[in-house]
Amino acid sequence: MSAPEDSLFQLSLEACRTRLTTSSQPLDVVRPCTVGDGIEQWSSEEFDDLLLRWREDKAAQCGLWVPASGAATRMFGFLRSDEEAQSKLWQAADRLAFGKAWKDAVHRRFGSNEHVQATEACEVLWHLMEGGSIPKGLVAFHSGADGDESENAFDAHLALWREIFPNRTKVWFTVPKVKHADIDAHLSASEFATNTDWHLPFQSPSTDTPVLDKDGAWLTDAQGQVVRRPGGHGALLPLLEEAAVPLIVIRNIDNAPSPSLRELRAKWTVAMLSACDAWVEERERLRRELTDSHRMLETVQDWLNASGAGIEEGTTLSVTEAAAWLDRPMRLVGMVRNEGQPGGGPFWVRVQSGTDRGLVRPQIVESIEFGMHNKHLMAQATHFNPVDMVCALRPSQSLSEFVDASRYMKATKTMQGREVTVLEHPGLWNGGMSGWLTRFVEIPSACFQPVKSALDLIDRT
C-alpha cells in the first residue's frame, strides 16, 4: 500500500513522539448500534433464501484472509504465575487437544506423570509452547477422532473453508516472518491444506513503529538504532490490498471453528457471502444506472445510507460524489449479542477527520478509544464484534484513503525489562476501515469461539 505522506505509516520520529506524548482526542461516540438502528437481524426465511441464492461457482471470486501473526503469549502466560489456573489445566490434561503431547513431555522430564505438581507440569508446557512464542495458529485446538491426531487453529480454519469450497480456492494467513518456515512446513504437510492455494504474507518492517521509554527517550538496540515493533493489526492493511479476489472473509485466528459447530458456522459464512454478493450486485446496477436525474440520485443516496454512509438529510449528492461513494470498499460484519465478552463493539460515531469528517457513521470501536465522558455508552451496547466479516474489494483497490488516521492507539508494554509506550496504527477493522461502506448483521453467539486462554480449550470439540 502506498500510504499518503501524512498518514501514520509515514510519520517521522518527531510526529510519532507528538502522538505518544500528547493526549489524543477521544472518539465522538454518539450511541450504540442496536437491532433496527444499525444492526440487521435476518429472519429464518431470509437466512434460508440467502443459502439457496448461493452458487458454488462463486469459489473463484472468494478467499479467506486470517490475521495469524499473534504469538500464544497471553494464551499461556498464566503458566508462570497463577497456581489455581495451573492446577485446573493440569487436571484437565486429558481433555485438551495438546494434552497427550504435554503428558508425554512431562513423562520424559520426570520419568512418570504420577505425583508431578501442576507447577512442574506447567513449566514443561511453557517450554513446549516455546515460552509463549509459538504462533497461536500452531497450538492444537481440537482432538482428532482417534484421540491421537489433532488439529490446530490453521487446520480448523482450512477445514471449514474446504467444507464450503471443496475445490481449489485461496486462503491467506498473515504470519510473523520469524515463524514463516515453521508454518509453511506445517501447511505443506497438512491434509487440511490439500486443494487450497494458501499464502503466508508477512507484515512489512516499514510499518513498524518506534518505542518510547518512560523517560521520553527512544528505546535503542545494542547498535544504537531506535527499536521499532509491529504497529498492531492495522499495519496488515497493505497485505489485504494484495488479496486479489472480490469477496474476502476475514476471521481472527483464535476464532477457529470447532468440529461440532463447523456446519453451523459454514452456513452463516455462506449466508454472509451470499448477502455481500447481492449487495455488490445492487451497487453495480446503481453504478450503471447513475444519472443526474433527481430521482436517481435520491435512490442512490437512500441505498448509500442503508449501507452506512451517514449522508446528512438535506444533502444532495452530485453524480461525481455519488459515483465516488459507490466506489468505496464494502464490508458486511457479523455481530453477536453482548454476553459479557470483551471486544470491540458497533457504535454510531461522528467522524473527526478525513473525507467523512462530521458524518455519523457505523463503526467498530475498541474500549481503549472511549473517554471518560462517553464510557457510559459501553454499558448500553447490545452487541460486539467477533471479527467475522465479508469484505468486497476491487482488484488492486487502494485502501489507505479510507483510514481514519486520527484513530491511532497507544499502549504500555515491557521491552528490554523496561516499561515503554508503543504506538499502534488505527486498528484494521476499527479506524482502518472507517471509510468503508458498512453493514452490521446479528449472527449466533455460537459463531464466536475465542481462545484467549489455554483454559478455553478444555473440552473443546
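Couple of notes before you dig in:
- Flag for LEU297 being open to solvent by 40 Å² or more (accessible area, probe 1.4 Å), in contact with a helix residue (DSSP H, G or I) (Cβ under 8 Å, 6 or more places away or on another chain) and among the aliphatic types (A, V, I, L, M): no
- Scanning segment 92-106 finds one or more residues that are touching a helix residue (DSSP H, G or I) at 6+ places or on another chain (Cβ under 6 Å), surrounded by 15 or more Cβ atoms within 10 Å (Cβ to Cβ) and among the basic types (Lys, Arg).
- Any hit, segment 59-72, residues being open to solvent by 30 Å² or more (accessible area, probe 1.4 Å), closer than 24 Å to TRP429 by Cα, modelled with pLDDT of 95 or more and part of a loop (DSSP other than H, G, I, E, B): no
- Criterion violated by SER260 - all others in (1) without any contact (Cβ under 8 Å) to a residue 24 or more places away in the chain; (2) surrounded by fewer than 19 Cβ atoms within 10 Å (Cβ to Cβ); (3) among the polar types (S, T, N, Q) satisfied: (1)
- Within the option set TRP126, TRP161, TRP172, being of a type in the set (Phe, Trp, Tyr), in a helix (DSSP H, G or I) and under 26 Å from TRP65 (Cβ atoms) holds for one residue only, TRP161.
- Just one of the listed residues (ARG251, ARG229) is buried (at least 18 other Cβ atoms within 10 Å of the Cβ) and out of contact with any Lys or Arg (no Cβ under 6 Å at 6 or more places or on another chain), namely ARG251.
- Failed item, numbered, when VAL333 is tested on (1) among the β-branched types (Val, Ile, Thr); (2) within 16 Å of VAL441 (Cα to Cα); (3) exposed (fewer than 15 other Cβ atoms within 10 Å of the Cβ): (3)
- Going through (1) of a type outside the set (A, V, I, L, M); (2) open to solvent by 10 Å² or more (accessible area, probe 1.4 Å); (3) at negative phi one by one, THR269 falls short only on (2).
- Total residues in segment 3-52, condition at pLDDT 95 or above, polar (S, T, N, Q) and out of contact with any strand residue (DSSP E or B) (no Cβ under 6 Å at 6 or more places or on another chain): 3
Per-residue answers, yes or no, for (1) of a type in the set (Val, Ile, Thr); (2) out of contact with any Gly (no Cβ under 9 Å at 6 or more places or on another chain); (3) open to solvent by less than 10 Å² (accessible area, probe 1.4 Å):
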position: HIS376; (1), (2), (3): no, yes, no
position: ALA381; (1), (2), (3): no, no, no
position: PHE384; (1), (2), (3): no, no, yes
position: ALA411; (1), (2), (3): no, no, no
position: THR421; (1), (2), (3): yes, yes, no
position: LEU455; (1), (2), (3): no, yes, no
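- Every residue from segment 175-203 that is open to solvent by less than 50 Å² (accessible area, probe 1.4 Å) and either aliphatic (A, V, I, L, M) or over 18 Å from SER150 (Cβ atoms) (or both): VAL175, PRO176, LYS179, ILE183, LEU187, ALA193, THR196, LEU200, PRO201, GLN203
- All positions within segment 232-248 that are open to solvent by less than 50 Å² (accessible area, probe 1.4 Å) and aliphatic (A, V, I, L, M): ALA235, LEU236, LEU237, LEU239, LEU240, ALA243, VAL245, LEU247, ILE248
- Look at segment 18-46: where a residue is acidic (Asp, Glu) and a partner is open to solvent by less than 60 Å² (accessible area, probe 1.4 Å) and not in a strand (DSSP E or B), sitting 6+ places away or on another chain with Cβ atoms under 9 Å, you get ASP28/VAL351; ASP28/GLN352; ASP28/ASN374; GLU40/ALA275; GLU46/ALA271; GLU46/ALA275.
- Residues of segment 424-445 that are open to solvent by less than 30 Å² (accessible area, probe 1.4 Å) and farther than 18 Å from PRO238 by Cα: LEU437, THR438, PHE440, VAL441, ILE443.
- From SER133, SER206, SER150, SER143, residue being open to solvent by 30 Å² or more (accessible area, probe 1.4 Å), touching a Gly at 6+ places or on another chain (Cβ under 6 Å), over 17 Å from VAL66 (Cα atoms) and touching a residue at least 40 places away in the same chain (Cβ under 8 Å): SER150
- Against the numbered list (1) open to solvent by 30 Å² or more (accessible area, probe 1.4 Å); (2) more than 17 Å from the chain's Cα centre (by Cα), PHE448 comes up short only at (2).
- Wholly within segment 176-268, strands (runs of 3 or more DSSP E) carrying at least 2 residues that are over 23 Å from PHE165 (Cα atoms) and over 22 Å from the mean Cα position of the chain (by Cα): 209-213
- Output for segment 22-48, where each listed residue is in a strand (DSSP E or B) and hydrophobic (A, V, I, L, M, F, W, C): VAL29, VAL30, VAL35, ILE39
The values are calculated or read from the model by the stated rules, or taken from the named source; none is laboratory data. Owing to the predicted nature of the structure, the values given are computational and were not obtained by experimental measurement. Virtual Cβ from ideal backbone geometry, glycine too; neighbours counted across all protein chains shown. With ligands, DNA and RNA removed, areas are computed over all heavy atoms of the protein, side chains included. Shrake-Rupley method; radii C 1.70, N 1.55, O 1.52, S 1.80 Å.
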